[in-house]
Amino acid sequence: MSKVTKRYGATTILDRVDLVVHGGEVVALTGENGAGKSTLMRICAGLLRADDGDVTVGGRIGYCPQIPGLFELLTADDHLVMFGRGAGMSRGEALARGHEILAEFGYPLEERRVTRDLSGGTRQKLNLAIALLADPTVLLLDEPYQGFDRGTYVNFWDHCDRWRDEGKAVVVVTHMLAELSRADRVVEMVTHSSRVEGAEAR
């Protein structure tokens with residue numbers, strides 16, 4: 001992206017932000033609440049229009065929002081089939097791929113309750129699986145591990161290593177400083193100036 005600006009009324013959330021993420025790279029996006037991290041991710045995912053600047057994405061996007069975008073009265077399988085169909089997958093393909101991903105993150109596959117009755121961590125695992133369902137080449141992950149236990153949280157960063165090795169471009173919004181060394185770059189969004197500052201982490 002180049003010179004991306006976003007305003008809400010008289011308030012500038014993003015001010016001419018530049019950010020380039022390459023395939024085979026994991027970038028951790030940090031900063032205070034209100035710095036515009038989620039806004040930036042939504043713009044990159046095509047869900048929000050920037051007021052100025054350019055965003056170019058090379059490849060298929062997988063977007064995991066901070067708040068799970070789930071339908072309260074649908075089961076996990078219902079979500080996999082619905083989002084899979086949107087990506088051109090058959091019911092069988094979506095379920096097989098989705099169950100494989102969910103199992104990797106410890107989701108209880110025997111669970112048949114609708115999502116409104118699931119715990120926050122279980123909902124977030126489904127949210128992440130939906131982002132990964134169509135094997136995207138660009139991953140935009142906005143605090144994707146909310147509610148995860150410690151083991152699953154570490155497992156998430158192990159997956160980031162694998163996605164890097166597969167050549168994916170990965171952006172992770174995070175407030176968890178302990179794992180920043182797992183990223184190739186740490187980019188801090190600074191609230192008072194609405195800009196980003198990059199630092200090498202590996």
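The values are calculated or read from the model by the stated rules, or taken from the named source; none is laboratory data. Small disclaimer: the values here were computed from a predicted structure and weren't measured. Neighbour counts are summed over all protein chains in view; Cβ atoms, including those assigned to glycine, are modelled from backbone coordinates with ideal geometry.
From the list 138, 170, the one residue that fits, being surrounded by 23 or more Cβ atoms within 10 Å (Cβ to Cβ), in contact with a strand residue (DSSP E or B) (Cβ under 6 Å, 6 or more places away or on another chain) and closer than 18 Å to residue 44 by Cα, is 170. Evaluating residue 154 against the criteria (1) surrounded by fewer than 16 Cβ atoms within 10 Å (Cβ to Cβ); (2) under 21 Å from residue 38 (Cβ atoms); (3) free of Cβ contacts under 8 Å to residues at least 40 places away in the same chain leaves one unmet condition, (2). Applying the criterion of at least 2 residues that are surrounded by 14 or more Cβ atoms within 10 Å (Cβ to Cβ) and touching a residue at least 40 places away in the same chain (Cβ under 8 Å) to the strands (runs of 3 or more DSSP E) found wholly in region 1-106 leaves 2-8, 11-17, 25-31, 61-64. When you look at residue 44, is it assigned by TED's automatic domain parsing to the domain that holds residue 165, closer than 18 Å to residue 141 by Cβ and of a type outside the set (Ser, Thr, Tyr), yes or no? Yes; evaluated as a whole, the condition is true for this residue. Scanning region 116-154 for residues that are closer than 19 Å to residue 177 by Cβ and within 11 Å of the chain's Cα centre (by Cα) turns up 141, 142, 143, 144, 145. Quick one: is residue 109 in a helix (DSSP H, G or I), more than 15 Å from the chain's Cα centre (by Cα) and modelled with pLDDT under 95? No, not satisfied.
Just to verify a result, which residue in region 110-134, among those that are touching a residue at least 24 places away in the same chain (Cβ under 8 Å) and surrounded by fewer than 13 Cβ atoms within 10 Å (Cβ to Cβ), is nearest to residue 172 (Cα to Cα)? Ranking the qualifying residues of region 110-134, first place goes to 120.
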